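Contents: one structure, followed by commentary.
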Amino acid sequence: QVQLMESGGGLVQPGGSLRLSCAASGNVFSILAMAWYRQAPGNQRELVARITRTGTTDYTDSVKGRFTISRDTSENMVYLQMNSLKPEDTAVYYCYLVNPLGQYWGQGTQVKVSS
């Protein structure tokens, strides 16, 4: 089993920044990819950003140029730096990991962008 623990969410004003962190523990080996998803009320969960085993990244169009995903492979951590936040970024953000054993989700961390 793999456990994922997110942190770093909170309330921020439009234009502000937050950095989300996700710590992976347990049977963490041969990670194929880690990612951040988000789900706003009434919406489906959507992929925000992903980083693969080789370090390739991709982003949903609405966050390109504002969000950056990164990782620390030695610590099994993944981060999401979010800049220029907008009210439409408000959502619960979930960490995701996939390895040969399966797919895993964190419990989520709330991000609210509001003045």
Next on the checklist: Between residue 112 and residue 7, what is 0.36 nm times their sequence separation minus the Cα-Cα distance? Round to one decimal in nm.
Outcome noted: 36.4 nm
Checklist entry - Normalised by the number of residues in the chain, what is the relative contact order in percent for Cα pairs under 8 Å and 6+ residues apart? => result 38 percent
Checklist entry - Put a dot 7 Å past each Cα toward the Cβ at residue 47 and residue 84; how far apart are the dots in nm? => result 2.3 nm
Next on the checklist: Taking the Cα centroid of the stretch 65-95 and of the stretch 1-57, what is the distance between the two, rounded to the nearest whole Å?
Outcome noted: 6 Å
Checklist entry - Once you treat every alpha carbon in the chain as an equal point and sum by Debye, what is log10 I(q)/I(0) at q = 0.19, 0.21 Å⁻¹? => result -0.93, -1.12
Checklist entry - Which residue, 62, 25, 70, tops the fluctuation ranking in a GNM of the chain built on C-alpha contacts under 10 Å? => result 62
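No value in this document is a laboratory result; all are computed from the given coordinates. This structure is a prediction, so every number in the text was calculated from the model and none was measured. Cβ atoms come from the backbone with ideal geometry, glycine included; neighbour counts cover every protein chain shown.
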